[in-house]
Amino acid sequence: MRAVGRWYKEVQTLLLLVALAVAVGLWIGSVWAALSLVLAWRLVVYLWQLRRVLSWIDQPEAEPPEGSGVWGMMLDQMYAIQRHNRDARSRLQHTVDYLRDSFRSLRDGAILIDQNGNIQWSNQSAERLLGLRYPQDKGQALLSLVRYPEFSTYLLDGDYQQPRVFATPGYPQRHFQVEVSSFGVGDRLILVRDVTRMVQIEQTRQDFIGNVSHELRTPLTVISGYLDTILDNDANIPLNLRKPLQQMSQQAERMENLVRDLLWLSKIEAAEGKRIDQETVCLGSLLTELAEELKTAYPTRDIERLTTSDAKVQGDYRELYSAISNLVVNAIKYSPEGTPVVVSYGADEQGVLTLSVKDAGLGIAEEHLPRLTERFYRVDESRSFAGGGTGLGLAIVKHVAASHNAVLSIHSELGKGSEFSLKFPEVSAATGAEANVA
Ligand code: ADP
């Protein structure tokens, strides 16, 4: 029976009792007395039932009292709702405990902070890595307890798209990787990982490449110096030795280029994220200088420049020059004589400056694109060697882009040509609208 049906039944019972009381009243000659007696009895019953319900509400853990009629039904319903809520709460608590346990067992430090930056929760690894104690530090401002300048800058910056690695001050220096995820109304989950070992291995790798390249430079200079001297007096060279000596000279030159690029790459890598002295670089002047230099190396090729901005970027002139030069030289190397190489740059309304180098050459098949910026990755060995490439050009471009907060994107179609673009985030000068073709 539905709950409202019970109400009708209750009213029916009451009316029946009233009718009975009236009948008995008429029989004994006192209708009002019989009626009052019956109504008073019902009132006492209702008040007693109400008291039982209210005392159960005071002790909800206890079983509900037995009740009949509408009261029994009400108690049953309330008990069912209460049991359902209790089960839901315990399931929720179980899930929360489970999640907390898994976070607690994380090797990474996990910290939850609210919109004011106050600690809501942290795990044991956060204590090991950052010295945060839970629950003692609950409600405290995280930045007043963790006082690493780079960590504070990252947290206050609000741009959490990329994780950040920072070194702790003091000795022994440790490196932490911090990742922040925002949720709710300004709440944040912070994951901290100790990456000291990884940073050390990476440092050793960089130092090794740098040192080996440096050590190779002197013997190579001596070898190619002697070869050049010998080949300068080719009249004295026996005929059967001429070709081998020329090939030795070519290979020595290739090795010198390789060592030069490796040294340059390790220098750029070492400077990544540590550059303090930034300069304002005018890409227009840089392109003019580059075009002049390439005129000597590739006199038959025209480089078209389309400039729609006089905007400047913050960075290192030599690094930017080497990156853009690699892109332009590649465009020349991998496109046939007579086809255009177009270098264009301009800023959009958001101030994003894009420099792109476009050729109508061989193009690159799609499957090679994701690996193109890896060191020594070549689409086709023979075509690269013929052009004298070291296989490090695009790796240099990638690192220069990263250290200038720029994004390198590549569009290419096999047989049609390629376009390599560098998108720089900041522009420091007003944009013009002239078209400069050289
Ligand atoms: P490399 O010294 O061999 O040119 P890079 O790192 O500069 O090395 O380039 C990697 C590979 O990408 C090259 O070997 C070449 O196959 C391909 N590549 C680079 N630029 C272009 C381009 N503009 N057109 C076609 N292929 C290109």
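Coordinate-derived values only; no laboratory data. Just so it is clear, the structure is predicted and the values come from calculations on it, not from any experiment. With ideal geometry, Cβ positions are generated from the backbone for all residues, glycine too; neighbour counts draw on all protein chains shown.
Points worth noting:
- 5 angstrom amide H check on residue 352, placed H, neighbours 5+ away: none
- Taking only the C-alpha atoms of region 62-190, the Rg (one decimal) and the largest Cα-Cα distance, Dmax (whole number), read 22.2, 78 Å.
- Longest site-free stretch - the chain; sites: trypsin sites (Lys or Arg not before Pro), DSSP loop, at most 10 other Cβ within 10 Å: 275-438
- Note: relative contact order over region 279-437, using C-alpha pairs below 8 Å and six or more positions apart, is 31 percent.
- Built amide H within the under 5 Å cut-off of residue 310, gap 5+: 432
- The mean sequence distance of close C-alpha pairs (under 8 Å, at least 6 residues apart), as a share of the length of region 106-194, puts its relative contact order at 31 percent.
- Between residue 196 and residue 30, the modelled label-to-label distance comes to 9.7 nm, taking each label 7 Å out from Cα in the direction of the beta carbon.
- Expressed per residue, the C-alpha convex hull volume of region 198-271 stands at 75 Å³.
- Each Cα pair of region 2-99 feeds into the Kirkwood radius, which the Stokes-Einstein equation turns, at 20 °C and 1.002 mPa s, into a diffusion coefficient of 131 µm²/s.
- Packing-based exposure ordering (other Cβ within 10 Å, fewest first) of 41, 264: 41, 264
- Each Cα pair under 8 Å and six or more residues apart adds its sequence gap; the mean of these over the residue count of region 96-146 is a relative contact order of 30 percent.
- Just checking the listed ones, 74, 198, 255: in the Gaussian network model of the chain with Cα springs under 10 Å, the one fluctuating most is 74.
- Spin-label model, residue 375 to residue 183: label points 7 Å out along the Cα-to-beta-carbon direction sit 4.0 nm apart.
- Of 84, 175, 404, 368, the sequence from fewest to most neighbouring Cβ atoms within 10 angstrom is 84, 368, 175, 404.
- Descending Cα extents along the principal axes, region 199-334, whole Å: 58, 46, 24
- Build a GNM of the chain with springs between Cα atoms under 10 Å apart, and of 212, 222, 342 the one that fluctuates most is 222.
- Along its three principal directions, the equivalent ellipsoid of the chain from the Cα gyration tensor extends over semi-axes of 84, 27, 20 Å, largest first.
- Taking the chain as the region of interest, the number of lysine pairs whose Cα atoms are within less than 27 Å, with members eight or more places apart or on different chains, is 26.
- Global size of region 279-437 as Cα Rg and Dmax, reported in angstrom: 15.0, 45
- In degrees, nearest ten, helix 239-271 long axis to first principal axis of the chain (Cα): 30
- Of the GluC sites (Glu not before Pro) in region 1-87, those whose Cβ has at most 12 other Cβ within 10 Å and which sit in DSSP loop: 61, 66
- Residue of 63, 215, 269 that the Gaussian network model of the chain assigns the largest fluctuation, springs spanning Cα pairs under 10 Å: 63
- When you filter the GluC sites (Glu not before Pro) in region 282-356 for DSSP loop state and at most 11 other Cβ atoms inside 10 Å of their Cβ, you are left with 337, 349.
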